[in-house]
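Worksheet: the structure to be examined is printed underneath.
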Amino acid sequence: MTEDVYERIMEIARRRGFILPAFRIYGGARGFYDYGPLGALLKRKIEEKWREYYVHKEGFMEIEAPNLLIGEVFEASGHVEHFIDPMTHCSECGEFFRADHLAEEELGVDAEGMSPEELEDLIREHDLRCPECGGELAEVTEFNLMFDTNIGPKEGRTGYLRPETAQAIFIQFKDLYRWARQKLPFGVVQIGRAYRNEISPRQGVIRLREFTQAEAEVFFDPEEKEYPGFERYADEVLKFYPIEEQRKENGEMLEMSVREAVEEGMVSQPIGYFLGLTKRMLNEMGVPNEAIRSRQHLPEERAHYASDCWDVEVKLERFGWVEVVGIADRTDYDLKKHSEHSGEDLRAFRELEEPKIVYRPEPVMKELGPRFKSDAPKIAEALRRITAESEDELKGGLTVEVDGKEVEVPPECYEIVKEKVTGERFYPHVIEPSYGIDRILYCVLEHNFDPEEGVFRFPAWLAPIEVGVFPLLKRSDMVEYARRVARMLREEGFTVEYDDSGSIGRRYARADEIGVPYCVTVDHETLEDDTVTIRDRDTTEQVRVEVDELADVLRGLIDGDLEFEEAGDPV
Ligand SMILES: Nc1ncnc2c1ncn2[C@@H]1O[C@H](COP(=O)(O)OP(=O)(O)OP(=O)(O)O)[C@@H](O)[C@H]1O
């Protein structure tokens, strides 16, 4: 038997129906996996836990938007231009590689953020060859990771499968802000599939081409430094790995509370808050503190929209530290871009402590119209978004951005008006905690795996099957009774597996392997006095309880409100 934990877990995952390669009968395709019946149950539980934190406890609004978005959205967001990875391929066997990953793996260098030219030089300098066949590597080019398609039968309307769920939230900001009673901060979440045409996904379930993201976009006023509710996770102690430590030769992870990290200026309050929340959630799922760290992105690895980003990484046997959650400060980047490209005003409003005088350019349509034709309304809208503290700032012409292009507006196209205002419009900033559910699911499998016994020891609430129900013998009276118990428990809301094949020992072993925390057995005594046994997965101890009380007892055990020893009479 192989010792590699990943192999062992994936073997059980495939055999028992957690995760399995997709399209297998047609030879499969890298980066696509199916969740089998157990995997699907486990995934739902992880998603529900995430909802409990973000929708229930934070009170964020959840939306559900299309997976396929029109091209304009990603033109504006910068993904068409920037969502690219460097790529090379072998000129002999034709295999494709992420050029930066290849350089990192084969040469041990840090190639993050290198340009295609720099990577090309590195490859030539070290005579790097195809790891599969030794062939020569072709030129390094840029590859956009978005899957594109054509919307409708007519050519011309490009659509993209979303590479992140976030954009649909930004483009609906106006309504969302209204539903939030025009008060900041507020959060909006979305959970769903995201698609990235990863060049060469070789890390099994870690790097998929279709995966599930759970994202929150938290809109706040950048002038407010305090994050409401900060105290909730302020005392969580985390392992921080900031940029300075990563740059030192023997850099270390710094263990401190979220509060201390904020006081030291290492993280902002909202970023610290969501790092603390994430650690707490991962702990609940059985990922221990030693395997969790918060690593700050180096400037060269930050996404095009982020001013700061911290990844929550989980340590895995085969892959080392793997990002499972990214918490990015997206500033006002997205709302600004979508305002500029769409002409909609996606700003929020804040009351001023004291009224003030501002100057703004009021569009003169009879000048704008003939000059800019169909662009005139958008230019007028862009002008209306401008305000200045002094008249001089507006004199002599202005530059506005429309549909991603800069447009020079001559002074005769607007009149400068003076206004007394009691409030002002501004672009909210956004903190985005972005969770990769599939990666979390694999981390949950690995960190709840007991390699000695080859079984999963999920926390009871997280186990895909919560209760196993077995008749001791395959006698019709016991089978019938056990089936009735299984049905009753299902109706009470438990996930239940009924099993009557093979010896009872084999059935317990099968249940242990997939992490079933409690097994209920119907035996001779049951038929006489309506009591059953409950067996605890981790201690293999048993208690006897009345069938009438079974559902309440199991609920108490699964919710952690009841100790096993107190659950019934020891057997
Ligand atoms: N190809 C993928 N397969 C599975 N999950 C992914 C993939 N890409 C991203 N994710 C998940 O989505 C989360 C947020 O996406 P983000 O854009 O921050 O990832 P990323 O920094 O591009 O990831 P990576 O650097 O590993 O490619 C990640 O933390 C990760 O859990």
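The values are calculated or read from the model by the stated rules, or taken from the named source; none is laboratory data. Nothing here was measured: the structure is a model prediction, and the numbers come from that model. Positions of Cβ are generated from backbone atoms using ideal geometry, with glycine treated the same way; all protein chains shown enter the neighbour counts. To get the accessible areas, we keep the full protein, side chains included, count just its heavy atoms, and leave off ligands, DNA and RNA. Shrake-Rupley method; radii C 1.70, N 1.55, O 1.52, S 1.80 Å.
Structure above, values below:
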{"read-out": "The range 1-39, residues that are open to solvent by less than 30 Å² (accessible area, probe 1.4 Å) and in contact (Cβ under 8 Å) with a residue 40 or more places away in the chain", "value": "V5, Y6, I9, M10, I12, A13, F18, I19, G31, L38, G39"}
{"read-out": "Residues (touching a helix residue (DSSP H, G or I) at 6+ places or on another chain (Cβ under 6 Å), among the acidic types (D, E) and more than 23 Å from L145 (Cβ to Cβ)) located in the range 291-338", "value": "E317"}
{"read-out": "Any hit, the range 471-482, residues being surrounded by fewer than 20 Cβ atoms within 10 Å (Cβ to Cβ) and of a type in the set (G, A, S)", "value": "yes"}
{"read-out": "Only one of H101, H56, H89 that is assigned to a helix (DSSP H, G or I) and without any contact (Cβ under 8 Å) to a residue 60 or more places away in the chain", "value": "H56"}
{"read-out": "Check on D559, open to solvent by 70 Å² or more (accessible area, probe 1.4 Å) and in contact (Cβ under 8 Å) with a residue 40 or more places away in the chain", "value": "yes"}
{"read-out": "Every residue from the range 419-450 that is outside any helix (DSSP H, G or I), in contact with a Lys or Arg (Cβ under 9 Å, 6 or more places away or on another chain) and at pLDDT 95 or above", "value": "F426, Y427, P428, H429, V430, I431, E432, N448, F449, D450"}
{"read-out": "Close pairs from the range 518-533: first open to solvent by 20 Å² or more (accessible area, probe 1.4 Å), partner among the aromatic types (F, W, Y), Cβ under 8 Å, at least 6 apart", "value": "L527/Y481"}
{"read-out": "Test: R510 is open to solvent by 60 Å² or more (accessible area, probe 1.4 Å), of a type in the set (K, R) and modelled with pLDDT of 95 or more", "value": "yes"}
{"read-out": "Close pairs (8 angstrom Cβ cut-off, 6 or more residues apart or separate chains): hydroxyl-bearing (S, T, Y) in the range 423-450, away from the ligand (no atom under 14 Å from the Cβ) and in a strand (DSSP E or B) anywhere", "value": "Y427/A348"}
{"read-out": "Residue that is surrounded by the most Cβ atoms within 10 Å (Cβ to Cβ), among those in the range 418-430 that are out of contact with any Phe, Trp or Tyr (no Cβ under 7 Å at 6 or more places or on another chain) and hydrophobic (A, V, I, L, M, F, W, C)", "value": "F426"}
{"read-out": "Count of residues meeting criterion [touching a residue at least 12 places away in the same chain (Cβ under 8 Å) and open to solvent by 40 Å² or more (accessible area, probe 1.4 Å)] in the range 373-385", "value": "5"}
{"read-out": "Residues satisfying the stated conditions in the range 490-516, i.e. within 22 Å of R14 (Cα to Cα) and not in a helix (DSSP H, G or I)", "value": "T495, V496, E497, Y498, D499, S501, G502, I514, G515, V516"}
{"read-out": "Top-ranked residue of the range 214-246 - restricted to ones that are under 17 Å from V55 (Cα atoms) and not aromatic (F, W, Y), ranked as surrounded by the fewest Cβ atoms within 10 Å (Cβ to Cβ)", "value": "P228"}
{"read-out": "Selected residue (only one of L145, L176 is more than 26 Å from E92 (Cα to Cα) and either touching a Lys or Arg at 6+ places or on another chain (Cβ under 7 Å) or surrounded by 15 or more Cβ atoms within 10 Å (Cβ to Cβ) (or both))", "value": "L176"}
{"read-out": "Residue in the range 337-360 that is crowded, with 20+ Cβ neighbours inside 10 Å, farther than 25 Å from A303 by Cβ and either of a type outside the set (A, V, I, L, M) or without any contact (Cβ under 8 Å) to a residue 12 or more places away in the chain (or both) present", "value": "no"}
{"read-out": "Residue satisfying all of: in the range 258-273; free of Cβ contacts under 8 Å to residues at least 24 places away in the same chain and farther than 19 Å from V325 by Cβ; surrounded by the most Cβ atoms within 10 Å (Cβ to Cβ) among these", "value": "E260"}
{"read-out": "Members of the range 183-213 that are farther than 14 Å from R162 by Cβ, open to solvent by 40 Å² or more (accessible area, probe 1.4 Å) and within 13 Å of the ligand (Cβ to nearest atom)", "value": "R202, Q203, R207"}
